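The values are calculated or read from the model by the stated rules, or taken from the named source; none is laboratory data. Fair warning: this is a prediction, and the values are worked out from it, not measured in the lab. Cβ placement follows ideal geometry from the backbone for every residue including glycine, while neighbour counts extend to all protein chains displayed.
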Amino acid sequence: MFKHEGSDPALVEIVFVYLIVATIIGARLGHVLFYGWDYYSQHLIEIFLPIAKGEDGYKFVGFQGLASHGGAIGIIIAIWIFSKKITKLPVLWTLDRVLVPTALVGAMIRTGNLMNSEIYGVATNLPWGFIFERNNETIAKHPTMIYEAICYLITFGLLMYFYYKTKDLKDRLGFQTGVFLVGVFLTRFLIEFIKENQEAFESGMSLNMGQILSVPFAVAGVWLIYHALTHPPVVYRK
């Protein structure tokens, strides 16, 4: 995309480093703060070290939990820093481009969730229900990670179409970002209704934590789309 627009493609290598670091840190902190603070507030060493305390002391277990909402916040912060320090362009200009492949990455992450038999849905009689034997399940459950992956792929396709095949949508600041936020987080909000709760504290809640966290992202996406379509396109180059 940078090359297509005549911008410096070397910037991609820089923003890639920013994004990798920010996504990992953001996703980890998101899980800690949104889903497990009661535990991690008493075990601070486990937040960034892949260890856990057992009967025989601490042992290596790998990171226990990442949250996509935290990753999204991390990406936004990283792009803000990148824009201020490197490109001197509006944050939304970079987000409009970075979030296009991010939608594809989201689909890959949900495929990984399927392989790990995690964050699946409630029981179903539909013919495509999965029995997650790894988790000792004996009845079919909604493969919600597949539902989300399909929606994210559709979002990716729409973003690619808007960027390469429409006349000026890519230059309407924030439009692509808005489509991404609606396509990813509105999808997440709706699918959560048939997904099992990830944490015990979510039992009895009208909306679970994933839905609560998705609302501001989806609302922001709708506003960005409206704002972009009611303002003229602006061409930026770096």
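Observations
- For the range 25-45, taking the residues that are more than 23 Å from ILE77 (Cβ to Cβ) and modelled with pLDDT under 85, the one that is surrounded by the fewest Cβ atoms within 10 Å (Cβ to Cβ) is identified as ILE45.
Let's see how each residue does on (1) buried (at least 18 other Cβ atoms within 10 Å of the Cβ); (2) at pLDDT 95 or above; (3) in a helix (DSSP H, G or I):
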position	(1), (2), (3)
LYS167	no, no, no
VAL182	yes, yes, yes
LEU207	no, no, no
LEU213	yes, no, yes
ALA218	yes, yes, yes
VAL222	no, yes, yes
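- Residue within the range 140-154 that is over 30 Å from TYR39 (Cα atoms), part of a helix (DSSP H, G or I), at pLDDT below 95 and not hydroxyl-bearing (Ser, Thr, Tyr) present: no
- A count restricted to the range 12-22 and to residues that are touching a helix residue (DSSP H, G or I) at 6+ places or on another chain (Cβ under 7 Å) and under 21 Å from LEU159 (Cα atoms) stands at 2.
- Condition check for LYS170: basic (Lys, Arg) and either over 30 Å from LYS3 (Cα atoms) or free of Cβ contacts under 8 Å to residues at least 60 places away in the same chain (or both): no
- Among the candidates GLU192, GLU202, the residue that is at pLDDT below 90, farther than 26 Å from PHE2 by Cα and among the charged types (D, E, K, R) is uniquely GLU202.
- Complete set of residues in the range 4-27 that are touching a Gly at 6+ places or on another chain (Cβ under 7 Å) and farther than 30 Å from VAL235 by Cβ: ILE25, GLY26, ALA27
- Filtered residue count, the range 55-96, keeping only those that are assigned to a helix (DSSP H, G or I), of a type in the set (Lys, Arg) and within 22 Å of ASP171 (Cβ to Cβ): 1
- Hey, SER68 of a type in the set (Ser, Thr, Tyr) and in contact (Cβ under 8 Å) with a residue 12 or more places away in the chain or not: yes
- In the range 71-129, the residues that are over 30 Å from TRP223 (Cα atoms) and under 12 Å from the mean Cα position of the chain (by Cα): none
- Given (1) in a loop (DSSP other than H, G, I, E, B); (2) within 30 Å of VAL235 (Cα to Cα); (3) hydrophobic (A, V, I, L, M, F, W, C); (4) free of Cβ contacts under 8 Å to residues at least 40 places away in the same chain, number of the condition MET1 does not satisfy: (4)
- The conditions of being among the aliphatic types (A, V, I, L, M) and surrounded by fewer than 17 Cβ atoms within 10 Å (Cβ to Cβ) are met by MET115.
- Of the residues making up the range 2-16, those that are surrounded by 12 or more Cβ atoms within 10 Å (Cβ to Cβ) and within 21 Å of the chain's Cα centre (by Cα) are VAL12, ILE14, VAL15.
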